[in-house]
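The values are calculated or read from the model by the stated rules, or taken from the named source; none is laboratory data. Just so we're clear, the structure is a prediction, and the values are computed from it rather than from any experiment. Here Cβ is always computed from backbone atoms with ideal geometry, including for glycine, and neighbour counts include all displayed protein chains. Areas reflect the complete protein model, heavy atoms only, side chains present, ligands, DNA and RNA absent. Shrake-Rupley method; radii C 1.70, N 1.55, O 1.52, S 1.80 Å.
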Amino acid sequence: MVMAPIPQPWHQWPFLILFFLVLFSCESNLPCRNGVEATQRVFLYPQSPKVSSIVSKGYRTGYHFQPPKNWINDPNGPMYYNGIYHEFYQYNPNGSVWGNIVWGHSVSTDLINWIRLEPAIEGNTPSDINGCWTGSATILTGDQPVIIYTGADTEKRQVQNIVLPKNRSDPYLREWTKPKNNPLIEPVGPGLNSNQFRDPTTGWIGPDGIWRIAVGAELNGYSAALLYKSKDFMQWTRVDHPLYSSNASNMWECPDFFAVLPGKNNGLDLSAAIPNGAKHVLKMSLDSCDKYMIGVYDLKHDMFVPDTVLDDRRLWLRIDYGNYYASKSFFDSKKGRRIIWGWTNETDSTSDDVAKGWAGIHAIPRTIWLDGDGKRLLQWPIEEVESLRRNEVSHQGLELKKGDLFEIKGTDTLQADVEIDFELTSIDAADPFDPSWLLDTEKHCREADASVHGGLGPFGLVVLASDNMDEHTTVHFRVYKSEQKYMVLLCSDLRRSSLRPGLYTPAYGGFFEYDLEKEKKISLRTLIDRSAVESFGGGGRACIMARVYPAAVVDGATHMYAFNNGSSTVKVSQLKAWSMTRAQVNVRKG
């Protein structure tokens, strides 16, 4: 359906027409990492003659991290050392599909503009000849950086190795050397699967002055973060119990362990003295997403004790409810914050990636901290990304009635940063909450999409919309009332994002509790970067990273709107949007 441009800012338009459902089946999108247990999607659909080729620079992001070409997956060993940020990453220097993995290496002074270097680690010794996989960086006593990572040895066992910088006076730490005593940790011990033993964490020092790390593993058929101790980071001993284990799954990838203070957005160095009242977070990657638990670190017994144990892992908290996996955090000593990175893979076909010559990006680095009630992590794009903002557009006091669209003009809609505060005029209009929705939020976002009227919502953004709305992505809220609290649903619906065939286009979604009687406003921030749509709802209580490939990005201009399709009027107390200039991401080689 082709429609004429909206001549004025306010326009009543039936959303049942705008967002009519096009339901189609999608294959599961499992991130492919380490070639271990994930399966690579292969679509055999030919490119549609009605849309332009996927081989276009239009889909390469303007300010997200990615190499100039080829495959990228997990972020590895992020650290700040002697004035320089280091980002290592799983990288295939020979092609745009997984394989031939080395540790790519880039450096930055601001986490936004990056200089690419030669690979830091390659699989060329008996302990990593069959794989050079994920790991972490630690700054030891005496200002000594060290990387510990997983290798696949000559027997294809997963073992843990270290590398040290060849020349610490080199500000970029370009070259790394492997000690002759690698591997330092082997998969030995009762119940341990040698093919499911990987991704060591950053090390931390306990009160006894002894170093510790955790390694993701399958132990007796269950998932575990195994605990190892060392006095010198060279000789390691496995502790007779895991840091934590669970029978709800059989393997955790990319574990992360760090301390947080409720209500404080400053980070904590896990090797420093931990303040009273601090909590600890254990993060793990499984089910194609990153989940976490909040609890306490029992120093006496060297164990993590979750505040809440849920047998159904579908109910575990998530770092991100979209396309986000294998995240890694680090303590930024420069600004006293904890930063987390995650990988987002392509959701087109493998043949598309080969044709494009590149695959995978990293999400914008996020500051991460603990909410004041101690129940949920909050995340927000690092402040440095705001240096890319240009041409601010601002609106205040807008009113969105049922069916209203407000076009946000004057901004580069392909590369934008949008912040909106939605003010609810009547929280009594909230529909009742059904706890069973928590078991499958994506299903609920499909069924209660932007065309379905609710009491409070849907309201939010329409981004990367074509002229006639054949292509569009919605990012929106719904508000529900449970017995004692309000539950807010954030959805990012990609099902109409592109006319291209063979894409994975789900409707992502995540719930969070919100004190509407106190707050009255719900914030939404969305970063749009060509094929990336990264959203933060409720001040970072729910985050959704998504990948989209609209033909309109290549063929012409796109549009962006604020909308409301709920029965109750929603006020927009503040709307700000900026065009985002292109960052210098791995353009220059150092």
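Can you tell me how many residues within region 494-505 are among the small types (Gly, Ala, Ser) and open to solvent by less than 10 Å² (accessible area, probe 1.4 Å)?
1
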_Counted residues, region 102-142 - those being under 18 Å from residue 69 (Cβ atoms), aliphatic (A, V, I, L, M) and touching a residue at least 40 places away in the same chain (Cβ under 8 Å)_ = 2
_So if I check each of 91, 81, which one is within 29 Å of residue 217 (Cα to Cα) and either surrounded by 21 or more Cβ atoms within 10 Å (Cβ to Cβ) or in the same structural domain as residue 343 (by the TED database) (or both)?_
91
*Members of region 257-278 found to be modelled with pLDDT of 95 or more and more than 22 Å from the chain's Cα centre (by Cα), listed by number*: 278
*How many residues, within region 36-59, are modelled with pLDDT of 85 or more and surrounded by fewer than 20 Cβ atoms within 10 Å (Cβ to Cβ)?*
4
*Give the residues of region 479-493 that are open to solvent by 10 Å² or more (accessible area, probe 1.4 Å) and under 27 Å from residue 529 (Cβ atoms), sorted by residue number.*
493
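Counting only residues that are closer than 15 Å to residue 233 by Cβ, among the small types (Gly, Ala, Ser) and within 29 Å of the chain's Cα centre (by Cα), give me the strands (runs of 3 or more DSSP E) lying completely in region 132-196 with at least 1 of them.
Hits in region 132-196: 132-140.
Check 452, 475 and return the single one that is surrounded by fewer than 20 Cβ atoms within 10 Å (Cβ to Cβ) and not aromatic (Phe, Trp, Tyr).
Just a single option satisfies the conditions, and that option is 452.
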*Looking for whichever is assigned by the TED database to the domain that holds residue 186 and touching a Pro at 6+ places or on another chain (Cβ under 6 Å) here; the options are 267, 277, 209, 295. Which one fits?*
295
*Hey, can you tell me all the residues within region 407-427 that are crowded, with 21+ Cβ neighbours inside 10 Å and either closer than 22 Å to residue 548 by Cα or modelled with pLDDT of 95 or more (or both)?*
408, 411, 413, 414, 415, 416, 417, 418, 420, 422
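Could you list, in sequence order, the residues of region 176-187 that are open to solvent by 20 Å² or more (accessible area, probe 1.4 Å) and in contact (Cβ under 8 Å) with a residue 12 or more places away in the chain?
Filtering region 176-187 down to residues open to solvent by 20 Å² or more (accessible area, probe 1.4 Å) leaves 176-184, 186.
Listed by number, the residues that qualify are 176, 177, 178, 179, 181, 182, 183, 184, 186.
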*Filter region 243-257 down to residues that are surrounded by fewer than 22 Cβ atoms within 10 Å (Cβ to Cβ) and closer than 23 Å to residue 133 by Cα, then give me how many there are.*
3
*asked:* Could you go through region 200-208 and let me know if any residue there is outside any loop (DSSP other than H, G, I, E, B) and within 24 Å of residue 332 (Cα to Cα).
replied: yes
*Looking at 265, 276, 250, which one is under 25 Å from residue 190 (Cα atoms), assigned to a loop (DSSP other than H, G, I, E, B) and of a type outside the set (Gly, Ala, Ser)?*
250
*For residue 124, all conditions in the list (1) closer than 25 Å to residue 382 by Cβ; (2) outside any strand (DSSP E or B) hold save one; what is the number of the exception?*
(1)
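Tell me which residues, restricted to region 581-590, are open to solvent by 10 Å² or more (accessible area, probe 1.4 Å), polar (S, T, N, Q) and either in a strand (DSSP E or B) or in contact with a helix residue (DSSP H, G or I) (Cβ under 7 Å, 6 or more places away or on another chain) (or both).
If the condition is that a residue be open to solvent by 10 Å² or more (accessible area, probe 1.4 Å), polar (S, T, N, Q) and either in a strand (DSSP E or B) or in contact with a helix residue (DSSP H, G or I) (Cβ under 7 Å, 6 or more places away or on another chain) (or both), then 581 is the only one that fits.
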*Hey, which of the strands (runs of 3 or more DSSP E) in region 344-455, taking only ones fully inside, have at least 2 residues that are more than 30 Å from residue 101 (Cβ to Cβ) and among the polar types (S, T, N, Q)?*
389-395
_Criterion first (in a loop (DSSP other than H, G, I, E, B), within 19 Å of residue 205 (Cβ to Cβ), open to solvent by less than 30 Å² (accessible area, probe 1.4 Å) and in contact (Cβ under 8 Å) with a residue 40 or more places away in the chain) does residue 270 satisfy it?_
yes
_Among the residues of region 396-405, are any under 29 Å from the mean Cα position of the chain (by Cα) and either modelled with pLDDT of 95 or more or open to solvent by 10 Å² or more (accessible area, probe 1.4 Å) (or both)?_
no
*What residue, of 194, 127, is hydroxyl-bearing (Ser, Thr, Tyr) and either open to solvent by less than 20 Å² (accessible area, probe 1.4 Å) or closer than 17 Å to residue 78 by Cα (or both)?*
127
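So which residues in region 564-580 are open to solvent by less than 10 Å² (accessible area, probe 1.4 Å) and either without any contact (Cβ under 8 Å) to a residue 40 or more places away in the chain or in a strand (DSSP E or B) (or both)?
The answer is 564, 570, 572, 575, 577, 580.
Yes/no matrix, rows are residues, columns are (1) under 30 Å from residue 369 (Cα atoms); (2) touching an Asp or Glu at 6+ places or on another chain (Cβ under 7 Å); (3) small (Gly, Ala, Ser); (4) in contact (Cβ under 8 Å) with a residue 24 or more places away in the chain:
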residue	(1), (2), (3), (4)
389	yes, yes, no, yes
394	yes, no, yes, yes
412	no, no, no, yes
417	yes, no, no, yes
450	no, yes, yes, yes
454	no, yes, yes, yes
469	no, no, no, yes
